[in-house]
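Student: Starting off with a structure, shown below.
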Amino acid sequence: PGGSAVRELMRQSGAYIKTPLGDGDGEGGRRTLVVIGTPEAQWKAQWIMTERLREQGWDDGALAVEIRVPVRDIVKIIGRKGEGLVALERESGAVIHLPWGGDDAVQPVVISGSFHQVQAAQSRMRQ
């Protein structure tokens, strides 16, 4: 989205949205937008973006959201013998990509699927 479209999206959603420097059209026409705000504002911004893309013929199954998760919570997501991760993917329908290793206290977790699948996974991860 252009500058005016991003400003309008921020106004409508209440979220702060920025595009990382040097992030033009990525592979396959993908772009990265950083959405910062309350869970409600993030949801609204993602919904508005998804609806705008859908109007342009975009496949709703191609959404990928990266969230930053404290390492201690990643352990909770995975669960005993991976059971938590398997249940999360089964219940939400989303695909969850967890980091392997790394020394940072907060790690990126990528959730892929349709808008509703991604939102269901994010909601469950916040519990």
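Student: Any chance you could run the full-extension gain for A5 through K81? It's 0.36 nm times the residue separation minus the Cα-Cα distance, nm to one decimal.
Tutor: Full extension from A5 to K81 adds 22.9 nm.
Student: Modelling each spin label as a point 7 Å along the Cα-to-Cβ direction, I'd like the T32/D59 distance in nm, to one decimal.
Tutor: Result: 2.3 nm between the two label points.
Student: Something else: Can you give me the accessible area per residue for the chain, using a 1.4 Å probe, in Å²?
Tutor: Per-residue value: 64 Å².
Student: Let me ask another. Measure nothing fancy, just the Cα-based angle from helix 39-55's long axis to the longest principal axis of the chain, in degrees from 0 to 90, nearest 10.
Tutor: The helix 39-55 is inclined about 60 degrees to the chain.
Student: Could you run the Karplus curve 6.51 cos²θ - 1.76 cosθ + 1.60 with θ = phi - 60° over the range 82-97 and give me ³J(HN,Hα) per residue in whole Hz, x for Gly and Pro?
Tutor: Along the range 82-97, the couplings run x, 5, x, 5, 4, 5, 4, 5, 5, 6, 8, x, 7, 9, 10, 10 Hz.
Student: Report the extension gain between R90 and R124 in nm, rounded to one decimal, defined as 0.36 nm multiplied by the number of residues separating them, less their alpha carbon distance.
Tutor: 11.0 nm
The values are calculated or read from the model by the stated rules, or taken from the named source; none is laboratory data. Bear in mind that the values here come from a model prediction, so they are computed numbers and not experimental data. Heads up, the Cβs are rebuilt from the backbone with ideal geometry, glycines too, and the neighbour counts pull from every protein chain shown. These accessible areas exclude ligands, DNA and RNA; they are computed on the full protein's heavy atoms, side chains included. Shrake-Rupley method; radii C 1.70, N 1.55, O 1.52, S 1.80 Å.
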